[in-house]
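Please read the structure below before turning to the comments.
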Amino acid sequence: MTAIIGVVTGGIFGIDYDSLPPFIRQLVFINPLEEPMKMLNIAFLMGIVHILFGLGIRMVSHKLYQATNLSLCMSNLTRIGLKFVLYFMMY
């Protein structure tokens, strides 16, 4: 995964972007030094996905499928919905 992120961001073994071969330079998606806000937004979005995935695992591990745990389900769904709303309100 680290090597893939290195290719996408142009940071392969610490080699400068201008010194990279042309076939690798075509794979560079973002240059974090020139577009730091774009990189920050990608990292923020990946963090939200990570947290939501963890909350989903937590809901399943707490026996979400049982009717007795409906209040647990609603509290977790409310928390997830609130995080989505807060994320999209920032933009």
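Legend: calculated FRET efficiency, residue 48 to residue 23, from the Cβ-Cβ distance at R0 = 25 Å, rounded to 0.05, equals 0.15.
Residues whose amide H falls under 5 Å from that of residue 10, counting only those 5 or more places apart or on a different chain, are 29, with hydrogens built in the peptide plane. For residue 41 and residue 1, the difference between the fully extended length at 0.36 nm per residue and the C-alpha to C-alpha distance is 12.5 nm.
None of the figures in this text is laboratory data; all of them are computed from the coordinates on show. What you see is a predicted model; the values in this text were computed from it and never measured. Cβ sites come from the backbone with ideal geometry, for glycine too, and all protein chains shown count toward neighbours.
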